[in-house]
Structures are given as C-alpha cells and as structure tokens.
1. Given region A:69-155, what whole percent of its Cα pairs are spread farther than 23 Å?
2. Suppose we look only past 18 Å in the calculated P(r) of region A:1-55. What percent of the Cα-Cα pairs does that tail hold?
3. log10 I(q)/I(0), Debye, Cα-only the protein assembly as shown, no solvent, q = 0.07, 0.08, 0.09 Å⁻¹?
4. At 0.36 nm per residue, and after removing the present C-alpha to C-alpha distance, how many nm does the segment from B:E223 to B:L242 gain when stretched out fully?
5. Please give the contour-minus-distance gain from B:D206 to B:Q187: 0.36 nm per residue of separation, less the Cα-Cα distance, rounded to one decimal in nm.
6. Just to confirm the number: angle between the C-alpha axis of helix B:112-125 and the first principal axis of chain B, 0 to 90 degrees, nearest 10?
7. Measuring from centroid to centroid over Cα atoms, what is the spacing of region A:98-149 and region A:67-97 in Å?
8. Hey, with R₀ at 60 Å, roughly what FRET efficiency would B:A168 and A:L77 work out to, going by the Cβ-Cβ distance, to 0.05?
Amino acid sequence: MLLRDFGHGDILLLIYATRWTIALSLIAFAGGGLFGFAFTILRILPIRLLNYLSSAYIQIIQGTPLLLQLFVVFFGLAILGWDVSAWTAAAVALIAYTSAFLAEIWRGCIQAIPKPQWEASSSLGLGIFQLLWYVIMPQAIKISIPPTVGFLVQVIKGTALTSVIGFVELTRTAQLINNVTLEPFAVYSVIAVIYFSLCFPLTSLSRRLERRLNVSSAN
Amino acid sequence: MSLVQIEKVYKKFGDLQVLEDISLNVEEGQQIAIIGRSGSGKSTLLRCINGLEPINQGNIHVDGDLVNGQKTNLKLLRQKVGIVFQSYNLFPHLTVERNITLAPTVVKKFALADARALAHEVLRQVGLEDKIDSYPDQLSGGQQQRVAIARSLAMQPKVMLFDEITSALDPELIGEVLKVLEYLAQQGMTMILVTHEMGFAQRVADRVVFMHEGRIWESGPPEQLFASPETPELDSFIRAIL
Ligand SMILES: Nc1ncnc2c1ncn2[C@@H]1O[C@H](COP(=O)(O)OP(=O)(O)O)[C@@H](O)[C@H]1O
Ligand SMILES: [Mg+2]
C-alpha cells in the first residue's frame, strides 16, 4: 500500500465528510424529536395500554447499545428479505435511539411540573391536551433544555457508530485517511476539532436559551 | 333539587377511611363554612365535589348533574364549579390577564376581546385591575390569591369552593382576601368554604359544618354552633381555636 503525507487535501476530505455527520445528526434530531414527542404523549395520557407500550419501547431501546440497534436494522432486516441501504438503516436506528431517550427526558420534565398546576388547570375545565399545551408544556420546556441539548450532543458523537454498517461519515473517513497516512495524531486531532465545533455551539445556545427563558418568566 | 347535593358519601385512601357517610345539601345563594381539625377530611370533601377525587360510595350532584357517574363529563361539570386552593396555583409563565382569559377562551371559546373585557371585570371585583399585566411572582400572596379568585370567577361558576385560602397568607394580608369573599357572599354567590377564620365564618356563613374524623359531626347556624356546641369534640375544637 502506498503511503502519503497528511495534507490539505485530507483536511478537505474530512470537512467534506462532516456533511454526513451533520446530515445524520439532523435526521436523528428531527425524526427523534417528532417520534420522541409522540412517545412522550403516549406515556402521559391516562390510557394504561398506551403507557405500557410506550414505556416498553423506551426501555428496550434504552436497554440496548446503539451499535446493536444498527446491526439489527441493517443485517436483521436484510435477513428478513428487506434490503435496506446503509443510509436508511442508519437513519432508522438513530431515530429510534434518539426518540426513546428524548421521550424519557421529556416525560420527566412534564411530570416534574407540580401537581397543583395540573389540578388548577383541570379544575378550570381544561382537557388533558389543553392543559398540556397551555399550562404544563410551556413550563416543562424550560427545564427540558439542558438535558435535551446534552443528549443531542451525545447523538452527534453517536453518529460515528454508523461506520460499522459501512457508512462513511466523519470518523470512518478519518480511519481511512489514517490507513494511508499513518499520522493518527494529526488526523484524529483534526476530527476532534471538527466534533467540538459541532457540539460547542449547541451547548452555548442551550445556555443562552435557558437564560432568556428565565428572564421572560421571572422578570 | 339543591344546587349541591351530597348523599351518603364514603371515600377511602387505601385502607384509610377519609369520608364517612357524608350528606350535605347546599341551596343556591347559600354560604356554607366547613371547620374542623387538620386531617378531618375537609379538603377531600371539596375535591370530591368537583371530581378531582373519585368517591367509593354515595352520590354527589351539582346543578342536577351527577359528579361521580361513569359518563359524567367532568370538563362541563368543572365549568360550573370554581375551586380556589390554599396555595393559589396561578400559572407562573402567564400574565395575570392570561391566567384569567385562558379558560374562557380555550374551554368556553370566548373571543379574546370578550375574555379580556371579562378579565377586567373580575379583576375589578377583586380590586386588582392595575395588576393585569403583572406576572404572578410580582404579586404578594394576598394579591395572588385574589387573582386566583378572579380566575375562577371568570368561568362564571354556579358554586365556588374555597379551601383554606387564607391559611398560607401573612396575617396582614388575610383581610383583603376575606373582604373579597364577603363581597361575593353579598352578591349571592353560592359558596362552600373551608376556613379557620371563625369570626369570618360566623359573619358570613348561613350554616357551619364541623367535620371530625371524616364525618359531619355537627352542623347548624353559626350562632347556635359556636355558642352551644353539642359534642365535646366541637367544644374542645372551638376552645382550642379561640
Ligand atoms: N392523596 C392522598 N393519599 C392518601 N391519603 C390522603 C390523600 N389526601 C389526603 N389524605 C389523608 O386523608 C385525610 C384527610 O385529609 P384532608 O382531606 O386533606 O383533611 P383536611 O383538609 O381536613 O386537613 C388525612 O388523613 C390525609 O392524610
Ligand atoms: Mg385541608
């Protein structure tokens, strides 16, 4: 195998590969957020069966490694005769993973709103969806921001695992470049900087949002 | 039929019998004061009347509607029953105005302009029109409690339940809240109020109900009840308080 030096071209390749990491993360946020919200509601509605189903789903996903979920979707569905692309498998597994964790985080935030708030609003005649929407969720959103953002940062880093099913995102690209340059320190330093520059804005945005929401309600 | 009709109600929390054989009728325009030691079941009784707590036996009717039925529409029922809690329970993320207009617009589908006019009206009744744009945490306890009363009034309930609404207040703030209650009583609002303010109960209530160990131990007109209690339990309760 031919060795070459780690150079500008490689850095460009890495930046280029960052697109896939970003794309996967956005898919996971959007899909995971949507389904996570749905599972949160199913967990909270006063309907036992839905609570159990939703909670079973959350526990199964939370109780198994993301790596395994990727294998199950990619190889498992192939065995059942469904040929899924690495893209589809990565998206499905990341959405499932993200939705379960977000659902659990959000359920906790909603149930952290004191019981008197629920009782006062239902005593005024508000139905369950009305009181969730107007009274409970606006208060829950505020406390949900730090854990939500903290978890999304985990998801960005978690997208690296999709390399095991052949998806060439940032980490996988770095491995390939390292194979031909044998300069692990340089290669992995660059992707560390890239991951950091993806995650850092999120955490600082979270801090700013939190501060703003605190100001607007407490004055 | 009485506006509020409570017949032979029993209620348990687990093994604990909290309400036992409670029967009570409240006519339109009447004011009923409920007194009794802590833990005697006063709050639970109020919470059963608007369906916040289910009962195990008996029947509760409000304005002809069965509260504890399988098919009861609690949303509709609760529009007829206002409740104000000891801890105000205003919505902290909403202004005073929105606290008040929320239920009329969302539940009763009032136009926002009408709901706002209503908010002004009920705030005037509790003397807080100037606080309409404040947030709850900018108000004193007494003011918050008056907003909570206004919020409840805005739903134009047929009966209002008050659960020790002055107990969490500093002594100098109790008067302003009691004044609002007296005003409502003069307006003919039907109310059931749990209170420790014996002087107030005596002044305002048509009838006083003394609860003890989950039962209605004694009840009657305030003068009679306070002046000549029939049971040693009420006698010692009154002595302890006065
Ligand atoms: N949600 C609950 N679960 C279990 N026990 C309760 C609950 N609410 C009240 N109780 C019990 O029921 C009894 C009556 O309580 P309550 O109605 O609050 O009395 P009061 O308002 O007269 O002080 C008390 O012994 C109390 O501990
Ligand atoms: Mg009580």
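1. Of all Cα-Cα pairs in region A:69-155, 46 percent lie more than 23 Å apart.
2. Details: 892 of 1485 pairs.
More than 18 Å apart: 60 percent of the Cα pairs in region A:1-55.
3. Taken in order of the listed q values, log10 I(q)/I(0) reads -0.53, -0.63, -0.73.
4. 5.4 nm
5. 5.4 nm
6. 50
7. Region A:98-149 and region A:67-97 have Cα centres spaced 32 Å from each other.
8. Working from the Cβ atoms, E equals 0.55.
The values are calculated or read from the model by the stated rules, or taken from the named source; none is laboratory data. It should be emphasised that the depicted structure is a prediction, and the values quoted were computed from it without experimental measurement. All Cβ positions, even for glycine, are placed from backbone atoms using ideal geometry, and neighbour counts span all protein chains on display. Note: areas computed on protein heavy atoms with side chains; ligands, DNA, RNA excluded. Shrake-Rupley method; radii C 1.70, N 1.55, O 1.52, S 1.80 Å.
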